[in-house]
Amino acid sequence: MKKSGKRIIYLAFSLLICLLFVMVVYQVHRSLRTAETIERPWNLCLVNRDYAVPAGYHPPLLTLSNGQKVDERIYPDLQAMFDAARREGFDLHVASGYRTKQQQKEILYARIKEYRKQGYGTKQATAEAESYVALPDHSEHQLGLAIDIQIKGNTNADALYRWLEIHAHEYGFIQRYPKEKTDITGFSYERWHYRYVGKEDAKTIFQRDLTLEEYLLH
Ligand SMILES: [Zn+2]
């Protein structure tokens, strides 16, 4: 009797260990799956004030004729968009494409210096600069998926930016920092800054009038 009692306790204990083991395996499996689903494809990588460029991220780069670089995977759509804009008479170019972390740092410091020259105090100059220029590792330009578009001579700039607002999504680009959504994006209105997400996602984002933050996080 005493012996069988011990056996039952032993059996129950073994069962409990097995059950715990199964539960641990299940939880680990589940968390791995969750991590997998959160990981987004390259074209939907979110970089903003809260989300940094993934560690060790090195996009495949292509150099444009003016020396600017972009992720080579966006090039066919970028070229198609520029061809279409040129057919409309706009003499546009990529003023800034891919940037390294160091370049981003230099741009930010230069902008702060500019505001200091205009008479702003250090704190105010920094805040002003940071409303336009992202901190190093928090700029989409480091992904090679963001482009600042400019027009030669700037004479037709308003018309170009209006055209881009309407047509960029047809080529997979979204206007990244719209005027009415600065509280969501954390950036001042930048009518020149476009971000590649791919045609399908760009169409949905455009039609629903969303920011990338709203599209991906809500
Ligand atoms: Zn930009």
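The values are calculated or read from the model by the stated rules, or taken from the named source; none is laboratory data. In this text the structure is predicted, and so the values were computed from the model without any measurement. FYI the Cβ positions are ideal-geometry reconstructions off the backbone, even for glycines, and counts take in every protein chain you see.
Just the residues that are at negative phi and touching a helix residue (DSSP H, G or I) at 6+ places or on another chain (Cβ under 8 Å), please, taken from the stretch 194-206. If you could, list the steps in order and put the result at the bottom.
So in the stretch 194-206, the residues at negative phi come out as 194-197, 199-206.
Across the stretch 194-206, the qualifying residues are Tyr194, Arg195, Tyr196, Val197, Lys199, Asp201, Ala202, Lys203, Thr204, Ile205, Phe206.
Scan the stretch 112-125 and tell me whether some residue there is modelled with pLDDT of 95 or more, under 23 Å from the mean Cα position of the chain (by Cα), surrounded by 15 or more Cβ atoms within 10 Å (Cβ to Cβ) and not acidic (Asp, Glu).
No, there is no match, as no residue in the stretch 112-125 is modelled with pLDDT of 95 or more, under 23 Å from the mean Cα position of the chain (by Cα), surrounded by 15 or more Cβ atoms within 10 Å (Cβ to Cβ) and not acidic (Asp, Glu).
Count, please, the residues in the stretch 24-47 that happen to be part of a loop (DSSP other than H, G, I, E, B) and modelled with pLDDT of 95 or more. Give the derivation first.
Let us first name the residues in the stretch 24-47 that are part of a loop (DSSP other than H, G, I, E, B), namely 39-41, 45-47.
Those still in the list that are modelled with pLDDT of 95 or more too: 41, 45-47.
Here the count works out to 4.
Within the stretch 172-184, is even one residue crowded, with 22+ Cβ neighbours inside 10 Å and away from the ligand (no atom under 15 Å from the Cβ)?
Yes, the stretch 172-184 contains a residue that is crowded, with 22+ Cβ neighbours inside 10 Å and away from the ligand (no atom under 15 Å from the Cβ).
So which residues in the stretch 81-119 are out of contact with any strand residue (DSSP E or B) (no Cβ under 6 Å at 6 or more places or on another chain), within 14 Å of Trp163 (Cα to Cα), in a helix (DSSP H, G or I) and small (Gly, Ala, Ser), if there are any at all?
Listed by number, the list holds a single entry, Ala84.
Could we say that Arg191 is buried (at least 19 other Cβ atoms within 10 Å of the Cβ), modelled with pLDDT of 95 or more, in contact with a strand residue (DSSP E or B) (Cβ under 8 Å, 6 or more places away or on another chain) and among the basic types (Lys, Arg) here? It would help to see each step written out before you state the result.
Numbers: buried (at least 19 other Cβ atoms within 10 Å of the Cβ): no; modelled with pLDDT of 95 or more: yes; in contact with a strand residue (DSSP E or B) (Cβ under 8 Å, 6 or more places away or on another chain): yes; among the basic types (Lys, Arg): yes.
So Arg191 fails the test.
Residue check: is Ala146 in the same structural domain as Leu210 (by TED's automatic domain parsing) and surrounded by fewer than 21 Cβ atoms within 10 Å (Cβ to Cβ)? Lay out the reasoning, then the answer.
Details: in the same structural domain as Leu210 (by TED's automatic domain parsing): yes; surrounded by fewer than 21 Cβ atoms within 10 Å (Cβ to Cβ): no.
Against the criterion (in the same structural domain as Leu210 (by TED's automatic domain parsing) and surrounded by fewer than 21 Cβ atoms within 10 Å (Cβ to Cβ)), Ala146 does not qualify.
When the residues of the stretch 74-101 are filtered to those that are in contact (Cβ under 8 Å) with a residue 60 or more places away in the chain and among the charged types (D, E, K, R), which remaining residue is surrounded by the most Cβ atoms within 10 Å (Cβ to Cβ)?
Keep residues of the stretch 74-101 that are in contact (Cβ under 8 Å) with a residue 60 or more places away in the chain, which gives 74, 77-78, 80-81, 84-85, 88-92, 95.
Filter once more, so that each one left must be among the charged types (D, E, K, R): 77, 88, 91.
Working: Asp77: 18, Glu88: 12, Asp91: 13.
Ranking the candidates gives Asp77 first.
List the number of the failed condition for Glu130; all other conditions in (1) at pLDDT below 95; (2) within 23 Å of Val197 (Cα to Cα) hold.
Of (1) at pLDDT below 95; (2) within 23 Å of Val197 (Cα to Cα), only one is false for Glu130: (2).
I'm trying to understand the selection: among the residues of the stretch 120-163, which are away from the ligand (no atom under 13 Å from the Cβ), assigned to a helix (DSSP H, G or I) and among the hydrophobic types (A, V, I, L, M, F, W, C)?
Ala125, Ala127, Ala129, Ala157, Ala159, Leu160, Trp163
Which one of these is within 21 Å of Arg73 (Cα to Cα), touching a strand residue (DSSP E or B) at 6+ places or on another chain (Cβ under 7 Å) and in contact (Cβ under 8 Å) with a residue 60 or more places away in the chain: Leu160, Leu164? Please lay out each step first, then the result.
Values: Leu160 fails: within 21 Å of Arg73 (Cα to Cα).
Among Leu160, Leu164, only Leu164 is within 21 Å of Arg73 (Cα to Cα), touching a strand residue (DSSP E or B) at 6+ places or on another chain (Cβ under 7 Å) and in contact (Cβ under 8 Å) with a residue 60 or more places away in the chain.
Condition (residue is in the same structural domain as Val47 (by TED's automatic domain parsing) and β-branched (Val, Ile, Thr)) applied to the stretch 121-138: is it met by at least one residue?
no
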